[in-house]
Structure formats: C-alpha cells, structure tokens
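The values are calculated or read from the model by the stated rules, or taken from the named source; none is laboratory data. In this text, all values refer to a predicted model and were calculated from it rather than measured experimentally. Cβ placement follows ideal geometry from the backbone for every residue including glycine, while neighbour counts extend to all protein chains displayed. Side chains are part of the model used for accessible areas, which takes the heavy atoms of the whole protein and leaves out ligands, DNA and RNA. Shrake-Rupley method; radii C 1.70, N 1.55, O 1.52, S 1.80 Å.
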Amino acid sequence: MERQKDSKRKSLLFRAYIWKSKITWRIAVAIFITLFVMQSLFIGAFLYKAEIDHSLQTHKALKNEIIASTVMDRMIKGDANPFFGEYGAGLNRVKHILGYKAYDITFELLRQEGDVNGLDASAFQDSMGYKKALAGEGYIDVLITPEDVNNLPFYIALRFDDAQWDKDIISALLEHAGLLFGLSLAATALMLMFLGSWILVPTLFLSENLRKASLSPEKPEIEDYPYEANDEIGTAVVTVQSLIRQNADNINRIKSAAQDQIHKLAYYDTLTGLPNRILFLQKLAELGRAAVSDDGQIRRWAVITIDLDHFKDVNDTMGHNIGDAILRGVGKRLASALPDTAVVARTGEDEYAITVPMVTSITNAKEIGERVQGVIRNEPFKVFNENFQIRCSIGVATYPDDASDPEQVLKNADIALNRAKEDGRDTIREYVEDFDRAVQLRFQMLRDLRDALEEEQLALHFQPQLDLQSGKVIGAEALLRWWRPDDSEKGGTYISPGLFVPIAEQSGLIVPIGEFVLRNACRTAKTWHDKGHMVRIAVNVSGAQFHQSDVVALTKEVLEETGIEPHYLELEVTESVFMDDVEFTIETLMKLNNLGVELAIDDFGTGYSSLSYLRQFPIDRLKIDQSFIRNALKDEDDAAITKTIIRANKRQVTSRPPPRR
C-alpha cells in the first residue's frame, strides 16, 4: 500500500514538474532538433553516396553502350572521325541519352547531337584529372575518356536523362520524412523520461522548494524528497533541503535574539540594566489601567523621582568610569532595597524614578522617599578603593491623590524634585499644587522676560556711591529694572530683580541681559563724562555670564565702542563665582585687569573664600555684604568682622602692585 502511494506521488510529482517547466521544453526542443538534424545528416550522407554510386553506374552503363556501338568499331579501325554520318547519329538514339559531344585527343569538336547546352568536356577537368560524371537538375553529364575505350584518342561527353532518379529520390525522402519525424519525437520522449527521472525532476523539485523558501525563509513550506538519494543529484537535493531547514532555524534564532536585543535597547538602560523612561511610562500606564481592584477599591501607588546632587562634579573630577560605576551601584542598591512590586528605572543621566504600590505596610509616599534617601546616603559607594558619599534630591507624588493620569503623576513628582533642588538639595519634597503653580508662573515669567528684552522693557537705574569723607559722588552702580506694562491704572508694574534675575540665570537669558546692561551702562557713563561728571560706573557680572560668555572680549568691545576710559568701569562679581574654578577665575581677572578696568568682589563675606585668596586676585575693592553692615553699629560681633575685613583688605591692597592703566 505504501509503495502504491509512493509510486502515485512520484508520478504526480513527475507530471507536475516535467511538463510545466520551461527548461523541460527547452531540453525537449534541443533533443528533438539534435536527433532530427543528426538523422537528416545521416540520410543526406547516404543519399550523397547513393548519388555518387548512381553517377558511376551511369558512367559505366554509357561506357558499355559506347563499346558496344558501331562507333567503337570505327574508332578501332582508325577512322579519323568515327562519329561522322550515320554512325554518330545512331549514338544519339541510345535510350535516355539526351545529347553528346565528341572530341579528338586535342579536344577538337568532331560532332555534337541533341541537347548539349552547357555540356563541355572542359567542365569535367579538375586538379586530379577528369571527373567521370557531373550531376545536374534532371540529368547526369558523363565523360568517356581514352582510358575507358582502350586508349583510343577520343573524348565523348554525354548527357543522360536522370529525371526519374530525382523523382525516386524525392519520393523516398517524402516517404521517410514522417518516419524520421516520428522517430525523433519518440526518441525525445524516451530521453526525457530518463532525464526527467534522473535530472529534471530532482532539479525542478529543488527549484520549487528554493522558491518556497525564498518566499518564507522563516517557515519554508517544503516537501520531503520522494526519491532515494542514491546518486549525486539526489544527495544534493536532500542536502539543500536540510540547509533550507537549518537556515530557517538560524533565521528564527537570530530574529528572536535581535528582537530581544532591540527590546532591551529600546526599553532598558544599557549602563545599569534598569528599565528606561519609556518602559517606566508603560509600567505607569499599566498600573493606571489596573488601578481599580475587583472589589471596586482604588489601588494607590507612589512615584519617586531622584536626582543625584552635583553628580557632574564626580564625572568632571574623577572621570566617567568612576561615575558609571557609582550609577550602577545606585541602581543595584535601589533594586535590592525595595520590594519586588517596585519598578526602579533610570530616566536620565543622573536621575532615577521609582513606582511602588501603596500597601498596608506603607502608609504614605514620603516613607518610601525617606527609605530611598537612606539607601543612597547611609553608606558611601566604594569604587577602586575610594569612598564616594553621594547625596540626592527626591520628589514624591501619589496616585490618585496628586493626579488621576499616570504620566501626570510622574510630571508632578518631577516638579517636586525640582523644588527639592531649589530648596538646597539633599532633601525630599512631596508634591503640592503650589509647586505646579510656581512652575507655571516661572515659565510665564521667562516668556515675558524674553519679550521684555526684545521690546526694551528693561531699563537701568543708577545707585550713587559716595565718598564718606568728602560727601562727593565718586561712582554709580547700574541696577537693572523691569517695568512690565499691564492694564492697570498705573499702566504697569515693576518686577523685583529678586524674581526675574534667578530665572534669567537658570535659563541662560542672563548672558544677553548682561551684555545689554554693560553696553547701556557704559553709554550712559560716556554721556556723563562728556558733560564733565567723571564718575566710575559699576556693573554686576553674573556667574553664568562670567563662565559661559567671553566676558573679556565683550568688555574690550564695549570699551572701544563707547570710548570711555577703562579705569572708569568697575566690574562686580560675587564671591561664590570666584571659587567655582580658581585657575579660570585668576586668568580671566588678570585679562580684565590688563584692560585697565577695576574689579570688585560683591557680597563679600557670604561665600567660602578666605582672605588669602585676595593675594591671587587682582581686586581693587571689596563690597562687604549688607548682612554685616546693617547691624555693625549695634552688634559688636558684626562690627568686629567688618573692621577685620577692612584692615585685611587694606593690607592686601598695599602689598599688591597697582593694576595696569
């Protein structure tokens, strides 16, 4: 039964592949034409040989006719022209002779009879001598030479009627053409059967399976080879079948690994292995969809956002290798310290986010924030035998208390985090609506401040500086004021610098604002000087302007543009700015000093610098912070501190060479 099924399958396979294939028909046509041409050539060669034999037989027959004729008797008797008269005419009456020409030994024509157009003895001559016969259309020309007639000195060219022979040949060809065609077809079919079983079916079967495999490399729907692989072609087919299946397995494995890798790259942080922000947001969305339990209770969960305080300093001073090791350590600590239900993600360069379900053991989100803070703060991180104490700022928000949308909960946690950083860092802040309003107000103020700079709402006021001994005005400090127009009765309000200057510094807008202040202050000073009021103008330089812009180039440009004397310009920088990068500060101050401008430390006493630094800085004056001056006449401690600063400053100034002018 199995053999019958297998035989039937092979037969179906043969019919399916053989007669539907272009290559089969090409091979069939090639075989048929080859066989037909070969048989035709064989028959042609046979006919050619038969034609030659027939010509020779005709020559022989005509030679015998000549020998038996009376002409031969006259040639033997030595007659000079044995073809003259009745003797020659009798030769033309021989059956099937159409005509003749007789020549002597010198090829002088002796006589011609009948149809002799084109009949000439010279036509028989070739390099080997003389041909015996030449075939024409319906006739054969025969040359009888002296050798054929006992060396008698005569040549006889005869034309023999051969039309019947041609008819017989054509008839034979027509009779055998059908047989020849049939034999070619039969031989072609027979050869195709063998070639099909041995070569074509395996090849076409393999081609079809390769086509199927190319359409679906991952799941190739290929059939098993129904023949035994007992020859080279069968072995090749089975081998290719195996390779197709192996290739499919390899593609599926590679695709699966690639998908896993793509998923990992898309949803996980490559440094820590923690979920990234995208996956964290998806987890929040899943928690939001599952927020209502089966009994109708709302599941609460907390979102905690973390920012490592001043982590950039670690990367800048210790290198990114140390920083990366600490980041991995923070991730491991957070993941191991929190319950399995928590999701810990790295959402930024030095930022993490956590979401934890609020279960019975956790009463509020701040508890989780405190736990996270303790995990990071309580034990230093050890990297390459060095300990690093890391601090963090934390923002906390709760679902659904602070928002019903999961993404909004994360946003609120980020707002609380920003408030924690604004409040001095290393602290925890829970989200309250006031934070959001403050953020919106700050954003709106930033937009208004950009408009104010473009619409010239900013203006300078000048605070005079007096010589207490003479009472004369010796200088003026440029103070920035912002008059914001509105629909009130006054037409606008002044915005306190304490509100908009910090926002300008955080956004970087302080740099163009600082340039505006410097240019306009110097222009105003120039108008005073032109009127004979030779007073010094003081301009505050913010920390962002000092470090982010080329303050030296800007100062030089403004001095050249306005034309004021450099020593009438005083640049004031707060004490804390000096301590951020001492080497850069010294270099910048020395360049400014070489321009001839005067330099002052503003709010001195509130930073962390020591008086010994004054020897390195080319400072012309100190402006003691008002917190010391306000109570100097009432508080002995403030008075003592102020006197000490003044005396130390005098000693530093007298021990330092004067600046260039």
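Filtered by the rule that a residue be of a type in the set (A, V, I, L, M, F, W, C) and assigned to a helix (DSSP H, G or I), segment 266-276 gives a lone residue, A266. Beta carbons closer than 7 Å, at least 6 apart along the sequence or on distinct chains, pair a first residue in segment 539-551 that is in contact (Cβ under 8 Å) with a residue 40 or more places away in the chain and over 14 Å from S576 (Cα atoms) with a second that is assigned to a helix (DSSP H, G or I) and open to solvent by 30 Å² or more (accessible area, probe 1.4 Å) for Q548/V511. The number of residues in segment 211-265 being assigned to a helix (DSSP H, G or I), more than 25 Å from I199 (Cβ to Cβ) and in contact (Cβ under 8 Å) with a residue 24 or more places away in the chain comes to 4.
Report whether or not I376 is over 44 Å from the mean Cα position of the chain (by Cα), within 22 Å of K332 (Cβ to Cβ), of a type outside the set (D, E, K, R) and surrounded by 17 or more Cβ atoms within 10 Å (Cβ to Cβ).
no
Does segment 388-402 hold any residues that are open to solvent by 30 Å² or more (accessible area, probe 1.4 Å), within 22 Å of L287 (Cβ to Cβ) and either among the charged types (D, E, K, R) or touching a helix residue (DSSP H, G or I) at 6+ places or on another chain (Cβ under 7 Å) (or both), and which are they? Passing the criteria: D401, D402. Only one of the numbered conditions (1) modelled with pLDDT under 90; (2) crowded, with 19+ Cβ neighbours inside 10 Å; (3) under 36 Å from the mean Cα position of the chain (by Cα) is violated by D350, and that is (1). Only residues that are open to solvent by 80 Å² or more (accessible area, probe 1.4 Å) and small (G, A, S): list them for segment 403-452, please. Once the filter is applied, which keeps residues that are open to solvent by 80 Å² or more (accessible area, probe 1.4 Å) and small (G, A, S), segment 403-452 yields only S404.
The rows are residues; the columns are (1) touching a His at 6+ places or on another chain (Cβ under 7 Å); (2) more than 13 Å from P618 (Cα to Cα); (3) assigned to a loop (DSSP other than H, G, I, E, B); (4) charged (D, E, K, R).
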| site | (1), (2), (3), (4) |
| --- | --- |
| A553 | no, yes, no, no |
| V558 | no, yes, no, no |
| I564 | yes, yes, yes, no |
| E572 | no, no, no, yes |
| V577 | no, yes, no, no |
| E587 | no, no, no, yes |
| N594 | no, no, no, no |
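Residue-wise test of (1) more than 30 Å from the chain's Cα centre (by Cα); (2) at pLDDT 85 or above.
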{"site": "P226", "(1), (2)": "yes, no"}
{"site": "T235", "(1), (2)": "yes, no"}
{"site": "D249", "(1), (2)": "no, yes"}
{"site": "L274", "(1), (2)": "no, yes"}
{"site": "G288", "(1), (2)": "yes, no"}
{"site": "V314", "(1), (2)": "yes, yes"}
{"site": "G319", "(1), (2)": "yes, yes"}
{"site": "I322", "(1), (2)": "yes, yes"}
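With the structure loaded, tell me whether A416 is touching a helix residue (DSSP H, G or I) at 6+ places or on another chain (Cβ under 7 Å), modelled with pLDDT of 85 or more and of a type in the set (A, V, I, L, M) or whether it fails that test. Considered against the rule, which asks whether it is touching a helix residue (DSSP H, G or I) at 6+ places or on another chain (Cβ under 7 Å), modelled with pLDDT of 85 or more and of a type in the set (A, V, I, L, M), A416 comes out as yes.
Within segment 517-532, being free of Cβ contacts under 8 Å to residues at least 24 places away in the same chain and of a type outside the set (F, W, Y) holds for T527, D530, K531, G532. Can you confirm whether R211 is basic (K, R) and closer than 30 Å to F83 by Cβ? For R211, the condition - basic (K, R) and closer than 30 Å to F83 by Cβ - is not met. Let me confirm something: among I27, I23, I66, which residue is at pLDDT 65 or above, within 30 Å of A123 (Cβ to Cβ) and either part of a helix (DSSP H, G or I) or open to solvent by less than 90 Å² (accessible area, probe 1.4 Å) (or both)? Result: I66 is the single residue among I27, I23, I66 that is at pLDDT 65 or above, within 30 Å of A123 (Cβ to Cβ) and either part of a helix (DSSP H, G or I) or open to solvent by less than 90 Å² (accessible area, probe 1.4 Å) (or both). When segment 576-628 is filtered for residues that are modelled with pLDDT under 75, closer than 17 Å to F546 by Cα, surrounded by 16 or more Cβ atoms within 10 Å (Cβ to Cβ) and out of contact with any Asp or Glu (no Cβ under 6 Å at 6 or more places or on another chain), the ones remaining, listed by number, are V577, F578, F617. Annotation: S393 fulfils all but one of (1) within 41 Å of the chain's Cα centre (by Cα); (2) closer than 20 Å to W301 by Cβ; the unmet one is (2).
Listed by position, the strands (runs of 3 or more DSSP E) enclosed by segment 392-511 that each have at least 3 residues that are more than 24 Å from E351 (Cα to Cα) and touching a residue at least 40 places away in the same chain (Cβ under 8 Å) are 458-466, 473-485.
Any residue at all in segment 221-237 that's out of contact with any Gly (no Cβ under 7 Å at 6 or more places or on another chain) and within 30 Å of N276 (Cβ to Cβ)? There is no residue in segment 221-237 that is out of contact with any Gly (no Cβ under 7 Å at 6 or more places or on another chain) and within 30 Å of N276 (Cβ to Cβ).
Would you pick out the residues in segment 317-332 that are open to solvent by 50 Å² or more (accessible area, probe 1.4 Å) and out of contact with any Ser or Thr (no Cβ under 6 Å at 6 or more places or on another chain)?
T317, M318, H320, N321, K332
Checked against the criteria, S549 counts as open to solvent by less than 40 Å² (accessible area, probe 1.4 Å) and farther than 26 Å from K472 by Cα. Every test in (1) under 18 Å from R26 (Cα atoms); (2) open to solvent by 30 Å² or more (accessible area, probe 1.4 Å); (3) at pLDDT 75 or above is passed by F205 save one, and that test is (2).
Of everything in segment 524-543, what is among the β-branched types (V, I, T), touching a Leu at 6+ places or on another chain (Cβ under 9 Å) and within 15 Å of L571 (Cα to Cα)? Give them in sequence order.
Scanning segment 524-543 gives I537, V539, V541.
A538 satisfies every condition listed in (1) out of contact with any helix residue (DSSP H, G or I) (no Cβ under 9 Å at 6 or more places or on another chain); (2) within 25 Å of L592 (Cα to Cα); (3) of a type outside the set (K, R) except (1). Pairs linking a residue in segment 305-316 that is open to solvent by 20 Å² or more (accessible area, probe 1.4 Å) to a residue that is among the polar types (S, T, N, Q) and part of a helix (DSSP H, G or I), with Cβ atoms under 7 Å and 6 or more positions apart or on different chains, do not occur.
What do you reckon, is L279 in a loop (DSSP other than H, G, I, E, B) and within 30 Å of A416 (Cα to Cα)?
Values: in a loop (DSSP other than H, G, I, E, B): no; within 30 Å of A416 (Cα to Cα): yes.
So L279 fails the test.
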